[in-house]
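Notes follow the structure.
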């Protein structure tokens, strides 16, 4: 039998080292549980960065994929298929937006939103062509393409990959006055994560999103919410923006849109925005394919029909209350909303990696982010009995020397 070392050596020898994963080699997943090649069982508390909100290998989504595999997988957008229109209708009914534009990866959807916002600025707002500016937040994470890293403020993500794409103005996250100062007649949009995930589960001040939306309305600017990680139930609402009653002009979704079975993303907006895109201006060979559409419909139905949003509210509160009771021996801060929780460790401990590795040995998989933070994001199907297995172990590890 080939063991973990065998597969780790293969990856290290033949693959680019663009990730630093924990040295666990997974071969099977079901619900909240995953298994490595030696047969060890782990509780997944990362959910593939929130792509697995519905859990691993959900039977209903799997069956939808199997059924569609037996019929038609790809047409390109040169022809129509009998699944894409159904996905459009499902997204509209569920989210309240009039239109959607499907892509594959989250980064592709962000790029799409940028293009849409710029066209809107030139055609509708009257910004001089090629002078549109988009305000973004410091500490943002929207993807890895050249354009997207151009407005990252994390130098490591960009330092050897320039020259960079112009047209973006970063301001401190959560600082409304900074946004007011940054607005110019050429501002096309403000693009934010309603809660910054990769940056360490950073939650903005209460009322921030609502105030940003009001600023956009006052200044004829589009508000774009990147809900790729925070959307589709993760924070205890369909979209994190809804916690403040905000309906952004454009919402970007991905990850859990397919329940982990297939890359599917989408940009959501009304007809006065997305209707500006003309045939040939934007597209993707695989974007909107029938296989991805069928999978996405099933993934959305699972969120609704299994009441995952309500479960997330209940379990998120339960887990947060337990964490708040842990002595702060090693903990600097605990932040979260729903089942997206960050435990920031004291910086003098030398980083969160060894805590993640110790949790792995105890049967719990988490991952460090921004060196000192453990991100906890189990599938939204987690129940109280499973949490009661996890939390004492987590407590022990967070109190270790």
If 191, 65, 400 are placed from fewest to most neighbouring beta carbons inside 10 Å, the sequence is 400, 65, 191
In deg cm²/dmol, rounded to the nearest 500, the helical mean residue ellipticity at 222 nm of the chain, built from -39500 (n - 2.57) for every DSSP H run of length 4 or more, is -10500 deg cm²/dmol
Expressed in angstrom and rounded, the centroid-to-centroid distance over alpha carbons for region 229-259 and region 38-101 is 16 Å
Footprinting proxy, 32, 366: sorted fewest to most Cβ within 10 Å, the residues are 32, 366
Extend 7 Å from the Cα of residue 384 along its Cα-to-C-beta direction; within region 313-349, residues with backbone N under 16 Å of that point are 313-323
For region 154-284, the percent of all C-alpha pairs falling in each 5 Å bin, from 0 up to the bin holding the max distance, is 2, 9, 16, 20, 20, 18, 11, 3, 0
Taking only C-alpha positions in region 333-399, Rg and Dmax in angstrom work out to 11.6, 35
By the C-alpha gyration tensor axes a ≥ b ≥ c (rounded if a/c is under 1.5, else prolate when a/b exceeds b/c, else oblate), the shape of region 158-201 is oblate
Longest principal axis of the chain (C-alpha) makes with the long axis of helix 59-69 (C-alpha) an angle, in degrees to the nearest 10, of 50 degrees
Ranked from fewest to most other Cβ atoms within 10 Å of their own Cβ, 318, 130 fall in the order 130, 318
At 20 °C and 1.002 mPa s, the Stokes-Einstein diffusion coefficient in µm²/s for the chain, with hydrodynamic radius from the Kirkwood sum on alpha carbon pairs, is 97 µm²/s
Simple SL model, points at 7 angstrom along Cα→Cβ for residue 77 and residue 13; separation in nm is 4.3 nm
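Over the Cα atoms of region 55-196, what is the Rg over Rh ratio if Rh follows Kirkwood? Display every interim value, and only then the final one.
Details: Rg = 18.8 Å, Rh = 18.0 Å.
A ratio of 1.05.
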Taking only the Cα positions of region 18-59, the convex hull volume per residue in Å³ is 83 Å³
Full extension between residue 184 and residue 62 adds, at 0.36 nm per residue less the Cα distance, a length in nm of 39.1 nm
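Once a ≥ b ≥ c are taken as the square roots of the eigenvalues of the Cα gyration tensor of region 33-108, is the result rounded (a/c under 1.5), prolate (a/b larger than b/c) or oblate (a/b not larger than b/c)?
prolate
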Mean Cβ-within-10 Å packing, highest first, puts peptides 142-149, 68-75, 156-163 in the order 142-149, 68-75, 156-163
A student applying the Cα gyration tensor rule (rounded when a/c is under 1.5; otherwise prolate if a/b is larger than b/c, oblate if not) would label region 1-41 oblate
Rounded to whole angstrom, the alpha-carbon centroid of region 338-360 lies from that of region 282-327 at a distance of 24 Å
Rounded to the nearest 10 degrees, the helix 208-219 long axis (Cα) sits at an angle to the longest Cα principal axis of the chain of 10 degrees
Between the Cα axis of helix 4-14 and the main Cα principal axis of the chain, the angle (0 to 90°, nearest 10) is 40 degrees
Reduced to Cα centres, the span from region 365-380 to region 5-27 in Å works out to 19 Å
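Here, each number is a calculation from the coordinates, and none is a lab measurement. Since the model is a prediction, treat every value here as computed from it, not as a measurement. Note that each Cβ is placed from the backbone with ideal geometry, even for glycine, and that neighbours are counted across all protein chains shown.
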